[in-house]
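The values are calculated or read from the model by the stated rules, or taken from the named source; none is laboratory data. These numbers were taken from a predicted model, which means no experiment stands behind them. Neighbour counts run over all protein chains shown; Cβ positions are idealised from the backbone, glycine included.
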Ligand code: FES
Ligand code: FES
């Protein structure tokens, strides 16, 4: 790979995580997932594959679902990152989180982070998605426990909750 | 919940123990500090403290099924306290009873029994205390929420109050009464799981989230004999570890080597990851034993011991007398548990003991392993159990725990070890393959003649890897007698024999959900379906005739009713829908677990509705009606969720899952090579639960998986009339059976002749070239003027140049991409050193910073201009044309001057790059004089008044400092760019094909000025793809130019295109439309990998994700004559994009074998470039490109001894 790069080895990288600006002197090649988990102690995003295949590490980057395991800091630089921890205005649950609790949409729950954040972004784009759209948007998120039925129920419930509360989350990833 | 309880002794407590308590079965002792609840060698089940809080202890762990909630319900029910008052402590050495491994879903069914009795016993004792305190007969008292009172009376006393100042120990009464079901108010009611809110907010602490003060990060490097745990080479294969290979990785604390155990420890996780990838290890060759990939043959060939479980009636006679004898073989593949989170552990090894945070299934067994591994006594080892990702059996949780202990011991600090996805996939103890033979048949009356069942199950307990790798445990195969689960058929076969062939493992294997019962039932339930068809009887009716278990009969009827089962004696009674055939299948099973004869868990039955595409072979499972008789359901919602989970997971296993093997080793390292079911393939699920509150609760964790394979196979038979006896029922297998097609290679477009590689490749044979070198050199020396050195000057003062000139020079440097080649090793500055691979050898970029010694600080402008335009260094030596002075010679003089000013104003760097050494004849720099005489044509071209100003500007940029032709023109035998019609006709650079820019460009869609402008500005054009390799760096460099310049370049380049026969938009639309559908007979492995690894980001209707979504049908590399660019992108990924908005693509070089990459490319070419000829020799092409990369797939070097 050529030496000029969006990922220089040194220098401070600044980004916004859950509404707070953070700055770290880390190589631009470091994955956002490592920064979130190990420097910021935000455990919502999980390591599952490191290859962008499972969605366990999902975060919202400027409101769009992104795989933090393959997102180098050089690419995350200057962007607005939302993690599972940053969804709700403390205390309490974001409506999508509430819907997942209501639908009991977890067995082990390891995939839950990706499912919830993907749903948040989906409902921000389309407050009442159809079944096909829901399935498509979740198709890059794997669940080995087979919680799919409850997860789909949770997404529909979330659409209901957000529709009724008027909190349509027009801007995904922004704290309500 | 599984969190540690408050360690402070409460001021008063009641505890229920099992085992001998020194003070006798019931005693009270004065309240005193006795913090160790199990300190008397007895096992503690329950405690109630003086606040009325209840803690329940259970030796099992939560494997992701929410078992803690069900246990809390049971305890709260018996004690009559609120659910919230109960804390459940699960599987924690030193605190919970030893109840063995959490397997076979027996937590509720078996291990909860003493806990329930303990709670009932505690209630009786507390009510007796209350009777005394209130002076009311026991019979008159009632309890609600832990408050005891006579109904209607005011006087009341709480459990906590009763215990204040008391310390009561009860010995568990194993026969004590429990509440009758009719009085249940909590048990049998759906209650929400208590762990989900924390899991939904990121507050839950999985083992992956454990952080310990002073913790370091570790990674392991596993041996090349992936997934094998026996054989003489295990633990004895490491030759050497080259620690210097990680010398330049920052943060590395230690490289730990113990036998074949290799690990690295670093300050940060990504540093540990980098070190583990970079570490060079050398291993002896090894010969794997039987090839697990051989399937049925491997199992038949494996030595075994028959164990007859059942032999009733006269089997031989029955078989001999059968009117229609039937012999069938059913085969099950190796499968993965596939936890979604690879295993992780944190260990802290201190002089006084070991603490291990682990997601283990069996804390006590793990503790024994750690004691054996370290020699530390078990009572100094604490296993702190945290939930991990769901595991469904034994995964790598124990392995990684032992790994963490070894690494922590080596560095004397806590170490967290995270396995990679690749390691978990390769090394997890697989769910084993299995082969079932059934001999039977029909009597003349259509009744079963006899049933002779044999099953082969190769597995062991998968000893913890570190024990094997360090040589502490002998790597000898052991035999586990686990093939007997549900080996006895549920039907009343009068003459029946059941034999289990116990055998050692082949690949490393251990139990997985539905251990052996799922494969055994696949055989039982397929065979009875075959009997029914042969007898001309409806399959459900036939089962009922031979089923005498009343609960089973009820369940079969209930499920058939719910599904609206239409009795039918022949297949294909449902109407087809075009190519989609429809079918419906039934299966029933009871999961019998534990050592034979075992214990029956819940009964389960399935009706599966499938659609089978007769052309493609694709099987869609559309609906499952699943019924279960679980006895008393503690938490009905929890049971239903478990059933859903079992249906989805087992459908995935049956349709999609088999571990691929290459050369006897597992070859799935990701979800592309081992796909699992996604939302797109989810069936509708209708659950029927039998209401049996008076029956004891049964395990529900696995039962609903057991009928899956047979129900689906029977449904496929119903749809197609063809029996499938070996899952997974992939499209490939089904199509091959229904509709045989020629092989994919032959089916593809006519194979093209390999395209001649002309670029960069000398037309003259190298020998001829070498022979002529001396002559040419002499000629050059004789005929051409020598160039003199230009005297050194002091570095010009940057202040001498105007800011405007420097700014202009900065743009010139961006256009020329100086830093693309001349940046220093850190990727910044101008210190040079980058290796540029040419067919003549490696040229190292020079230092062009203004350092007087190492760089160009002593160069006057004339010296600089001569280097730029004539390729002659200040000292008079010739430069190689890797420095594109033939292009720079065409740049306007003012640009060169500005560039000089800019470079002189940059910081000086003293680094000296490695010297360039080329092969003959180019090793002789004088040769270049002749070369220049032949090929250097100087001077900027005159403006063309017939063209627009933008075109003229574009030409200056492209042909001058932009030096596009340096990469995009072919070169002749002497490495010179070819001109005329071949100017910008495509070249190669550093192994990348640089596509043609002129004439009939290779892109599938003609380029337009707008498309070129987008591509040069963002590194992406939707109709062509993303800039990769050196072009990504060029785009980044061009970003500094004014937009008008990129426009001008686009305009000039667009004018070079041959006029398009078709409008670009309609061509793009046609290509996209052609690729939208799966081509018939598309290569199956490639399609599978594409779906698992590529589709989410590349498929047109994939999920919304950060970054662009390059359409592969329009991708230039996919339509190219050679696959090299595409291979390269797949192997190396694109983690350093031309523009950050593009997003990234991970590297798959470590994930896929050459064969897998080739299979992927075969699929991509067939589907996305259907008009292009198939690439031939793809395997070799992948190997060739891989060999040229800096980082090979596997750092392990395997040496095969010569003897
Ligand atoms: S861990 Fe990032 S997608 Fe799997
Ligand atoms: S709930 Fe376990 S992976 Fe989804």
Flag for residue B:647 being in a strand (DSSP E or B), facing chain A (nearest Cβ under 10 Å) and closer than 21 Å to residue B:193 by Cα: no
Residue identified as free of Cβ contacts under 8 Å to residues at least 12 places away in the same chain, closer than 25 Å to residue B:478 by Cβ and touching a strand residue (DSSP E or B) at 6+ places or on another chain (Cβ under 7 Å) among B:433, B:371: B:371
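Quick one: is residue B:295 closer than 30 Å to residue A:146 by Cβ and either more than 16 Å from ligand 2 (Cβ to nearest atom) or out of contact with any strand residue (DSSP E or B) (no Cβ under 9 Å at 6 or more places or on another chain) (or both)?
yes
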So, restricting to helices (runs of 4 or more DSSP H) that lie completely within region B:1078-1132, which ones have at least 1 residues that are over 25 Å from residue A:56 (Cβ atoms)? B:1084-1089, B:1116-1119, B:1124-1132
Being away from ligand 1 (no atom under 16 Å from the Cβ), within 10 Å of chain B (Cβ to nearest Cβ), surrounded by fewer than 22 Cβ atoms within 10 Å (Cβ to Cβ) and modelled with pLDDT of 95 or more narrows it down to one of A:92, A:78, so name that one. A:78
So the check is Cβ under 6 Å with 6+ separation or different chains; which pairs have a first residue in region A:109-120 that's at positive phi and a second one that's within 11 Å of ligand 2 (Cβ to nearest atom)? A:109/B:199
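For every residue, the table says whether it meets (1) touching a helix residue (DSSP H, G or I) at 6+ places or on another chain (Cβ under 9 Å); (2) more than 21 Å from residue A:48 (Cβ to Cβ); (3) surrounded by fewer than 19 Cβ atoms within 10 Å (Cβ to Cβ); (4) within 7 Å of chain B (Cβ to nearest Cβ).
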site	(1), (2), (3), (4)
A:107	yes, no, no, yes
A:112	yes, no, no, yes
A:127	yes, yes, yes, no
A:132	no, yes, yes, no
A:141	yes, no, no, no
A:157	yes, yes, no, no
Unique residue being under 26 Å from residue B:658 (Cβ atoms) and over 31 Å from the mean Cα position of the chain (by Cα) when the list is B:516, B:510, B:526: B:526
Please pick out the residue among B:751, B:736 that is in a helix (DSSP H, G or I) and at pLDDT below 95. B:736
Assess whether residue A:86 counts as being more than 14 Å from the chain's Cα centre (by Cα) and more than 10 Å from ligand 1 (Cβ to nearest atom). no
If you go through region B:502-512 one residue at a time, do you hit one that is in contact (Cβ under 8 Å) with a residue 24 or more places away in the chain, surrounded by fewer than 23 Cβ atoms within 10 Å (Cβ to Cβ) and over 27 Å from residue B:395 (Cβ atoms)? no
Look at residue B:443 and say whether it is over 24 Å from residue B:226 (Cα atoms) and either buried (at least 24 other Cβ atoms within 10 Å of the Cβ) or modelled with pLDDT of 95 or more (or both). yes
Quick check on this structure: which one of A:87, A:117 is crowded, with 24+ Cβ neighbours inside 10 Å and more than 10 Å from every other protein chain (Cβ to nearest Cβ)? A:117
Can you tell me how many residues in region A:96-105 are at the interface with chain B (Cβ under 8 Å from one of its Cβ atoms) and in a loop (DSSP other than H, G, I, E, B)? 2
Only one residue in B:400, B:415 is in contact (Cβ under 8 Å) with a residue 40 or more places away in the chain, in contact with a helix residue (DSSP H, G or I) (Cβ under 6 Å, 6 or more places away or on another chain) and crowded, with 24+ Cβ neighbours inside 10 Å. Which one? B:415
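If I filter region A:34-52 for residues that are over 20 Å from residue B:210 (Cα atoms), at pLDDT 95 or above and either more than 8 Å from chain B (Cβ to nearest Cβ) or part of a loop (DSSP other than H, G, I, E, B) (or both), do I get at least one hit? Let's see the steps before the verdict.
Residues of region A:34-52 that are over 20 Å from residue B:210 (Cα atoms), as a first pass: A:51-52.
Right, trim to at pLDDT 95 or above and you get A:51-52.
Applying the additional criterion that residues be either more than 8 Å from chain B (Cβ to nearest Cβ) or part of a loop (DSSP other than H, G, I, E, B) (or both) yields A:51-52.
Yes, the conditions are met somewhere in region A:34-52.
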Within region B:987-1026, the residues that are under 17 Å from residue B:1050 (Cα atoms), assigned to a loop (DSSP other than H, G, I, E, B) and touching a strand residue (DSSP E or B) at 6+ places or on another chain (Cβ under 7 Å) are B:1001, B:1006, B:1007, B:1019
In region A:96-105, the residues that are more than 12 Å from ligand 2 (Cβ to nearest atom) and buried (at least 24 other Cβ atoms within 10 Å of the Cβ): A:96, A:97, A:99
Of the residues in region B:375-406, those that are away from ligand 2 (no atom under 16 Å from the Cβ) and touching a strand residue (DSSP E or B) at 6+ places or on another chain (Cβ under 7 Å) number 14
